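Just so you know, all these numbers are worked out from the coordinates, no wet-lab data involved. This structure is a prediction, so every number in the text was calculated from the model and none was measured. Note that each Cβ is placed from the backbone with ideal geometry, even for glycine, and that neighbours are counted across all protein chains shown.
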Amino acid sequence: MKIIVAVKQVAARDSALKIDPSGHRIDETGLSYEVNEPDAYALEAALQLKERHGGEVVALSAGPAQVSQALREALAKGADRAIHVEVEDLFSFDSLGVARLLAAAVQPEQPDLLLTGLQSDDLGAGQTGAIVAELLGLPHATIVVQIDVAGAGLRVKRELEGGWYQYVELPMPAVLAIQSGIGKLRYATLMGIRKAKTKEIRKLSAADRGIDAPANAVIERLTWPERSKRTEMIGGSARDAAAALVEKLKFEARVL
């Protein structure tokens, strides 16, 4: 089984973000980067499938030279090789543009499975996996929390709202968008880090993939969320006030 995992590199969660003077992007000066967390779970799902069924795991990413760090991390955790679609300014591509880059890199590989994270920690559009599936003409499932290989196909478990789940059967090849928490993330071992230095990272350019037109959609302006304070008095008995307070903390403040 050949599995390709799309991995995105994003700003580290503890980064102090600033808006670029242009007003339509994040200032990347001095930022540190890490693997997008949902994509890390997609990689974990791929590695578990390889351990159970054998085959090959290929990490795929698009972006500037620094993306090789994320690919080396994937290789250190157990991916067999990697593909880097070199794009100096990935931020200028919208979801469709990124999906075209990935689809063009995936197509010659003819994988059995393409796994993506459910969404990226930076933009959070959650569209790339679905668009890649459409471009490749492959069946697709999102919010996947369990994958079982059944003959020449798959049976996947999808997480719905309100604690409900859905089971879907798909033929292979297919594209799956993985929900965070599908498995416990592994750490790269010292041996894995050493082996990663000898594994192949094949580099492709956007021009090689026939992609030269960036965004159909553009970000006009970024703004910080507005902060506001207000005081609300809760009346009634102590029991009723406590119940109302808990409801507000759960569903309005979302701290419980």
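The modelled label-to-label distance between Gln166 and Glu247, using points 7 Å beyond Cα along the C-beta direction, is 3.1 nm.
For Rg and Dmax of the Cα atoms in Å, the value computed from the atomic coordinates appears in the list [x] 19.0, 65; [y] 17.4, 55; [z] 20.8, 70 under label [z]. Label reach from Asp89 (point 7 Å along Cα→C-beta): in the range 218-256, amide nitrogens under 16 Å belong to 218-222. Taking a point 7 Å from the Cα of Ala16 along the Cα-to-Cβ direction, none of the residues of the range 98-126 has its backbone N closer than 15 Å to it.
The label-point distance for Met1 and Ser237, in a model that sets each label 7 Å from Cα toward Cβ, rounds to 5.7 nm.
Taking every DSSP helix (H) stretch of at least 4 residues in the chain, weighting each as -39,500 (n - 2.57) and dividing the sum by the residue count yields a mean residue ellipticity at 222 nm of -8500 deg cm²/dmol. Peptide packing: for 77-88, 235-246, the average count of neighbouring Cβ atoms within 10 Å per residue gives the ranking 77-88, 235-246, highest mean first.
Assuming a ≥ b ≥ c are the square roots of the Cα gyration tensor eigenvalues, decide whether the range 1-76 counts as rounded (a/c under 1.5), prolate (otherwise, with a/b larger than b/c) or oblate. Verdict is prolate for the range 1-76.
Suppose we keep just the DSSP beta bridges with both residues in the range 2-205; what percent of those would be antiparallel, to 5? Please report the intermediate quantities before stating the final value.
On the way: 17 of 44 bridges.
For the range 2-205, the DSSP antiparallel bridge percentage is about 40.
Each of the peptides 147-154, 224-231, 111-118, 159-166 was scored by the mean count of other Cβ atoms within 10 Å over its residues; in descending order, highest first, they stand as 111-118, 147-154, 159-166, 224-231.
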